[in-house]
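Novice: This is the structure, below, for whatever I ask next.
The values are calculated or read from the model by the stated rules, or taken from the named source; none is laboratory data. Only a predicted model underlies this, so the values are computations on that prediction, with no experimental measurement involved. Positions of Cβ are backbone-derived with ideal geometry, glycine not excepted, and every protein chain shown enters the neighbour counts.
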Amino acid sequence: MKKILPLFFLFLPYLLSAQYLETFTTDGIGVAGVCGSSASSSCATNNITSSWTLTGDFLGLTTAGSDRVITSGGQLVVDDIDSVICWHSPTLDISTPATASLSVDLEWNSFDTGAGSTDYNFISVEYQVDGGGYTEIPNIISGSPAFRTVEGQAGQGSGTGTGTATASGIVGNTMDIRICFENNSSSEDVFIDNVSVPEAGVTFPVEWGSLDIAQVDGHVQLEWTTLTESNNAKFNIMRSIDGMSWANVGSVKGAGNSTATQSYEFADYGTTLGKYFYRIQQVDFNGMYAFSNVLEIQVTERMALMSDVFPNPSKGQISAYLNIPDEGVLVIQAYDLQGRLVWNHKNEYTVGRHRMELNWAGLAKGIYLLKAQLNQWQSQSYVILE
């Protein structure tokens with residue numbers, strides 16, 4: 001099945017103007033069990049250092065070494081994953097040719113094909129144009145009915161075979177390729193090779209360095225470095241509670257063009273207790289983008305909405321730090337010890353950490369209860385005026 005194809009362009013660092021071809025030539029790129037959660041970062045082997053990424057539920061990789069989605073022998077090998085995992089290409093530039101085409105070489109072994117089988121094996125080759133919905137290449141093995149690209153169900157032919165999924169006449173400015181698969185036995189193999197879009201160019205505007213995540217004083221801190229950047233506009237920080245649905249929680253400006261190591265950080269104050277997943281979307285100036293690996297963190301403490309009220313005691317000039325977790329109107333009020341409202345403040349703040357200055361010079365000496373509320377978040381502190 002393996003085709004000998006030109007490899008010289010794979011070493012160009014940024015723009016491949018001739019074609020896109022992924023031949024998985026470097027072994028050991030991907031993930032392998034045991035994985036402790038649905039995130040790829042929890043896997044014993046987690047080495048996604050290529051221009052492509054993996055997403056999905058990795059909790060099914062329960063056996064060390066044999067449960068894997070990893071490059072080996074010049075192919076991407078998928079064994080016994082017990083869940084749906086998807087391979088993603090970088091964003092491809094198809095704006096120059098009149099039309100573009102796609103081909104992917106596939107091999108599958110021991111897929112179950114019996115009627116009524118609960119053992120569901122498949123390969124799905126899909127492409128997305130200009131950020132729209134995905135289009136699947138159906139039924140390359142001429143079975144009936146036509147379900148997935150390759151599907152282990154009754155009427156879908158042999159459970160073992162090879163084939164090439166192809167699509168042509170693709171029109172647009174950008175294209176993303178997604179190949180999803182599922183198998184649940186060490187004998188049910190999937191091999192993927194020669195993902196090709198001959199007419200496309202692909203940008204690799206960022207060469208990633210480190211990517212770290214930690215819980216710091218109740219908030220989530222992300223820090224990352226890049227080794228080189230070309231045409232890099234910004235990084236969008238994306239958060240998820242399930243690893244599938246993502247929300248953009250902030251952005252950091254990129255360096256544009258750089259050949260020196262750049263360091264970045266982002267603090268997310270919008271979490272409560274529980275598990276979260278993060279990824280970074282790198283966006284270049286022409287709108288093309290790519291994603292980092294997915295990171296997972298368990299948040300075990302929550303940052304107070306209002307913290308570090310100082311000086312306390314105070315002569316009347318008071319500072320406080322606000323840790324804004326969400327959009328909305330922040331209400332801060334002060335009450336005397338008789339429960340009377342003596343000071344009231346409302347304002348909208350962007351998500352993040354802010355310093356607020358309070359002028360209580362007109363209030364009498366005494367003890368006051370300072371309360372802050374934003375949506376469901378609340379915080380309070382006693383302040384002494386002297």
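Novice: Tell me, which residue of region 53-85 that is buried (at least 19 other Cβ atoms within 10 Å of the Cβ) and under 16 Å from the mean Cα position of the chain (by Cα) is farthest from G287 (Cα to Cα)?
Specialist: The selected residue is F58.
Novice: Another one. Looking for something modelled with pLDDT under 95, over 27 Å from the mean Cα position of the chain (by Cα), crowded, with 18+ Cβ neighbours inside 10 Å and more than 28 Å from Q282 (Cα to Cα) - is there at least one such residue anywhere in region 100-107?
Specialist: yes
Novice: Turning to a different aspect of this structure: What do you reckon, is R340 of a type in the set (K, R) and in contact with a Phe, Trp or Tyr (Cβ under 8 Å, 6 or more places away or on another chain)?
Specialist: no
Novice: Right, another one. Take the residues of region 241-254 that are under 23 Å from D284 (Cβ atoms) and surrounded by fewer than 18 Cβ atoms within 10 Å (Cβ to Cβ): which is farthest from the chain's Cα centre (by Cα)?
Specialist: Of everything passing the filter in region 241-254, K253 is farthest from the chain's Cα centre (by Cα).
Novice: Could you check Q376 against (1) within 27 Å of E301 (Cα to Cα); (2) in contact (Cβ under 8 Å) with a residue 60 or more places away in the chain and say which number it fails?
Specialist: Of everything listed in (1) within 27 Å of E301 (Cα to Cα); (2) in contact (Cβ under 8 Å) with a residue 60 or more places away in the chain, Q376 misses just condition (2).
Novice: Might you check whether a residue that is in a loop (DSSP other than H, G, I, E, B), modelled with pLDDT of 90 or more and more than 15 Å from the chain's Cα centre (by Cα) occurs anywhere in region 32-41? Don't jump to the end; show me each part of the working.
Specialist: Here is the first cut: in region 32-41, the ones in a loop (DSSP other than H, G, I, E, B) are 36-39.
From the residues that got through so far, the ones that are modelled with pLDDT of 90 or more too are none.
Scanning region 32-41 turns up no residue that is in a loop (DSSP other than H, G, I, E, B), modelled with pLDDT of 90 or more and more than 15 Å from the chain's Cα centre (by Cα).
Novice: Let me ask something else. Would you check if T350 is more than 30 Å from S230 (Cα to Cα), out of contact with any Gly (no Cβ under 7 Å at 6 or more places or on another chain) and among the polar types (S, T, N, Q)?
Specialist: The answer is no for T350.
Novice: I'd like to know if region 223-237 contains one or more residues that are at pLDDT 90 or above, closer than 26 Å to L59 by Cβ, of a type in the set (D, E, K, R) and part of a strand (DSSP E or B).
Specialist: For region 223-237, residues at pLDDT 90 or above, closer than 26 Å to L59 by Cβ, of a type in the set (D, E, K, R) and part of a strand (DSSP E or B): absent.
Novice: Tell me which of these A290 doesn't satisfy, since it passes every other one: (1) at pLDDT below 85; (2) surrounded by fewer than 14 Cβ atoms within 10 Å (Cβ to Cβ).
Specialist: Looking at each condition in turn, A290 falls short on (2).
Every residue, every condition in (1) over 28 Å from V197 (Cβ atoms); (2) polar (S, T, N, Q), yes or no:
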position: D57; (1), (2): no, no
position: G65; (1), (2): yes, no
position: R68; (1), (2): no, no
position: V78; (1), (2): no, no
position: S89; (1), (2): no, yes
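Novice: Also: Could you list, ordered by first residue, the pairs with Cβ atoms under 6 Å in which the first is in region 170-193 and under 20 Å from A98 (Cβ atoms) and the second is part of a strand (DSSP E or B) and of a type outside the set (S, T, N, Q), at least 6 apart or interchain?
Specialist: Short answer, once both residue conditions are applied: I170/A100; G172/V129; M175/L92; M175/Y127; M175/V129; I177/Y127.
Novice: Let me ask something else. Pairs only if they're at least six apart or on different chains, beta carbon under 8 angstrom, first in region 82-93 and within 25 Å of N183 (Cα to Cα), second among the hydroxyl-bearing types (S, T, Y) and part of a strand (DSSP E or B); list them, first residue then second.
Specialist: Short answer, once both residue conditions are applied: I85/T55; C86/T55; W87/T53; H88/T53; H88/T55; S89/Y20; P90/T203.
Novice: Here's a check for you: in region 160-207, which residue that is part of a loop (DSSP other than H, G, I, E, B) and polar (S, T, N, Q) is surrounded by the most Cβ atoms within 10 Å (Cβ to Cβ)? Spell out the reasoning first.
Specialist: Step one: filter region 160-207 for residues part of a loop (DSSP other than H, G, I, E, B), giving 160, 171-173, 183-188, 198-200, 204-205.
Next, only the ones that are polar (S, T, N, Q) stay: 160, 173, 183-187.
Values: T160: 13, N173: 16, N183: 28, N184: 16, S185: 15, S186: 13, S187: 9.
Among those that are part of a loop (DSSP other than H, G, I, E, B) and polar (S, T, N, Q), it is N183.
Novice: Here are some conditions: (1) within 28 Å of V220 (Cα to Cα); (2) at pLDDT 90 or above; (3) surrounded by fewer than 17 Cβ atoms within 10 Å (Cβ to Cβ). Q378 meets all but one. Which one does it not meet?
Specialist: Against the list (1) within 28 Å of V220 (Cα to Cα); (2) at pLDDT 90 or above; (3) surrounded by fewer than 17 Cβ atoms within 10 Å (Cβ to Cβ), Q378 comes up short only on (2).
Novice: Inside region 257-268, can you point out the residues that are in a strand (DSSP E or B) and either among the hydrophobic types (A, V, I, L, M, F, W, C) or exposed (fewer than 15 other Cβ atoms within 10 Å of the Cβ) (or both)?
Specialist: Across region 257-268, the qualifying residues are N257, S263, E265, F266, A267.
Yes/no per residue for (1) among the polar types (S, T, N, Q); (2) over 14 Å from Q317 (Cα atoms); (3) under 41 Å from the mean Cα position of the chain (by Cα):
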position	(1), (2), (3)
G352	no, yes, yes
R355	no, no, yes
W360	no, no, no
A364	no, no, no
I367	no, yes, no
Q380	yes, yes, yes
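Novice: Okay, moving on. State all residues of region 120-158 that are within 33 Å of the chain's Cα centre (by Cα), modelled with pLDDT under 75 and buried (at least 20 other Cβ atoms within 10 Å of the Cβ); if no residue qualifies, say none.
Specialist: Across region 120-158, the qualifying residues are I140, G152, Q153.
Novice: Okay, next question. Can you go through T271, T225 and tell me which one is of a type in the set (V, I, T) and surrounded by fewer than 18 Cβ atoms within 10 Å (Cβ to Cβ)?
Specialist: Only one candidate passes the filter, namely T225.
Novice: Would a scan of region 321-328 turn up a residue that is more than 20 Å from T272 (Cβ to Cβ) and of a type in the set (A, V, I, L, M, F, W, C)? Walk me through it before giving the result.
Specialist: Applying the first criterion (more than 20 Å from T272 (Cβ to Cβ)) to region 321-328 yields none.
Within region 321-328, none of the residues are more than 20 Å from T272 (Cβ to Cβ) and of a type in the set (A, V, I, L, M, F, W, C).
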